[in-house]
Structures are given as C-alpha cells and as structure tokens.
Amino acid sequence: MLRFALTRIALAVPTLLIVAVSVFLLIRLIPGDPALLMLGDMADPHSLADFRRSHGLDQPLPVQFALWLGNLAAGDLGRSITTGQEVLPLIFDRFLVSATIVVVAVALASLVAVPAGMLAAWRQNSLTDLAVVAGATLLLSVPSFWLGLLLLLLFGMKLGWLPVVGYVPFGQDFGAALAYIVLPVATLVLVEVGVIARMARASTLEVLRLDYVTHARAKGLSELAVMGRHVFWNAFAPTWTLIGLILGNLLGGIAVVETVFTIPGLGRLLVDAIFARDYPVIQGCLLFIAGVYIVVNLVVDLLYPVFDPRVTA
C-alpha cells in the first residue's frame, strides 16, 4: 500500500510539470497586454514599463517560466497582480469555501442516488425503475446554471425562504452561513444525483446477474440480506470511482454555480483572474486544481480494496 501511494505521488510530479508548462504557454498566447489591462488605456509608457519590470513581464518567456518554477519549488506562487495578495493563502481561503459546498453536496447526492440506483436495479423494468431512470435522465439534461437560477428565483425571490446571493463564513455566523449555502448545495446535489444514480443502477444490474447472487438466493437468504451483504459492496466499487471523479471535478470546477450565487470560491477566483489576466493567480489555481485531482484519485485508489477485496493496491 505504501509503495503504491509513493509511486502514484512520484508520477504526479511530471503531471504537474506538464500542467505548469501548458498553463504558462496558453495564458501568454492570449492576445493583450496585462500591464495595459491593469493600468488602463490612459497609462503613460513609463508606468507601463515600470509595471512590466516589477512583475517580470519584460523578461523572455523562458526566463519568466524559470523564475516562476523556482519560486514554486520554494512554495511561493507569487502575488496577485490585481490585489497584491500572496497567491497560495488566497487559493487556500477560496478553496475552503468551495470544498465546504462540494463535499456536502457530493455526500448528500451519494446518500440519495446510490440507494435509488440500487432500488431501480432490484426492481428492473418496474414503475420504480422507470421513475428513477426518467428522473436521473431529466436531471442530467438540466444545466447547472439554469437549475441554480430556478432555485434562486423560487426559494429566494418568490418565496423568500433563503438568501438570494452572497456568502457568510461559518466562523462568523453558523446559522446565516448554513442558509447561504443551501441553494448552491441543492443545485449541485440535483445535478449529480442523476449521474451517480445511473452508475449505481448499471453496476448493481451487473452484479445481480452473477452466479453467487443466484446461489445466495437459492440458500434462502432474504432479498434485504442479498442486497446488503452480497450486492452492495461489489456494486459500489465502480460508483465509488465515479464519486471520486465528481468530487475532484467539482472542487475545481464549480465556477458557474459560484458565479450564479456570488460565492467567493476557487472557481470564481479563477474566472475573475482570467478576466483580469492575473497570471500568478491563474497559474496557481490551475496547478492547485490539478493537484486536487491527483490527491482525490489517489485516495479513491487506496480505498478501492475496501469495497472490492479482489483488488490489491
């Protein structure tokens, strides 16, 4: 297990390096001058030159990349061109906001979708199965931003039950913070329930057709015992992989939901940095997101033997 984990971590290094090179080059291929964008069209040439020099933008691209890579090795992602804040603490602060919403949403979606998918498989071709499949397909077809706007319009503006937009840290006011994340969490839950339910149904159907399940039923075990003791653990392994991928994806990719509800999360930070051409923040965010993907996939792989004893790390 330890050797497997160390091997995966070692393989992550070239992956992060490829991500760093790709991000660095792609950002600088975008037309426009960040100095002119930050200082405005009325800035004089002397101010523009000082800005480029102070931020290293007057150096050749290989020199800029080497300087950034050297600082990265020392744990320094630089400072935001827009705000002057250090990038790494800024990313961590925004990531905690996103992680709170995403982890809660994925956990709730899994608790709803996995039993629903297994029930649909157990009652295959029944009205229950049809209802689960139809509901999952409908949720898969609805864009997250549109669903978020509908929830915001209904529960925030029309009924007035929940705050419309904004965010309050849990350390400041727990009750208010809970009220502000209900709609974003509900949006992500509804979006991801369809994906997880379909996977849970498909994997459960595959396991139900295996010989050992037939043998368990022939021994006189109840359906509850068959589903809980023999089907669930084997059917959950592929679903667990999907949940891990969803978790990694949402931790770095909920910019749309964060924009709809004006939540200061990591995705919103990345979008704002792209519009502002804030190179250090963009590079730091994308590198951090790649790291999150790697860590989440590593944890998923390490926990896989728990659900499927045939798999050894």
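Across the stretch 244-299, the qualifying residues are those that are part of a helix (DSSP H, G or I) and touching a Pro at 6+ places or on another chain (Cβ under 7 Å), and the one among them that is farthest from LEU108 (Cα to Cα) is TYR279.
Each row is one residue, and each column tells you yes or no for (1) more than 29 Å from the chain's Cα centre (by Cα); (2) loosely packed, with under 13 Cβ neighbours inside 10 Å; (3) not hydrophobic (A, V, I, L, M, F, W, C).
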residue	(1), (2), (3)
PHE51	yes, no, no
PRO60	yes, yes, yes
ALA66	yes, yes, no
LEU69	no, no, no
LEU72	no, no, no
LEU77	no, no, no
THR82	no, no, yes
GLU86	no, no, yes
LEU90	no, no, no
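Checking ARG209, ARG201, ARG229 one by one, the residue that is under 24 Å from the mean Cα position of the chain (by Cα), among the basic types (Lys, Arg) and on the phi < 0 side of the Ramachandran plot is ARG201 and no other. Looking only at the stretch 223-236, decide whether some residue is hydrophobic (A, V, I, L, M, F, W, C), surrounded by 15 or more Cβ atoms within 10 Å (Cβ to Cβ) and within 30 Å of ALA290 (Cα to Cα). Yes - at least one qualifying residue is present in the stretch 223-236. Please work out if THR82 is within 19 Å of GLY267 (Cβ to Cβ) and at pLDDT below 80. So THR82 passes the test. Kindly establish whether PRO45 is out of contact with any Asp or Glu (no Cβ under 8 Å at 6 or more places or on another chain) and outside the structural domain of ILE263 (by TED's automatic domain parsing). Yes: the conditions hold for PRO45.
The values are calculated or read from the model by the stated rules, or taken from the named source; none is laboratory data. Note that the coordinates shown come from a computational prediction; the quantities given were computed from them, not determined experimentally. Cβ coordinates were reconstructed from backbone atoms using ideal geometry, including for glycine residues, and neighbour counts include every protein chain displayed.
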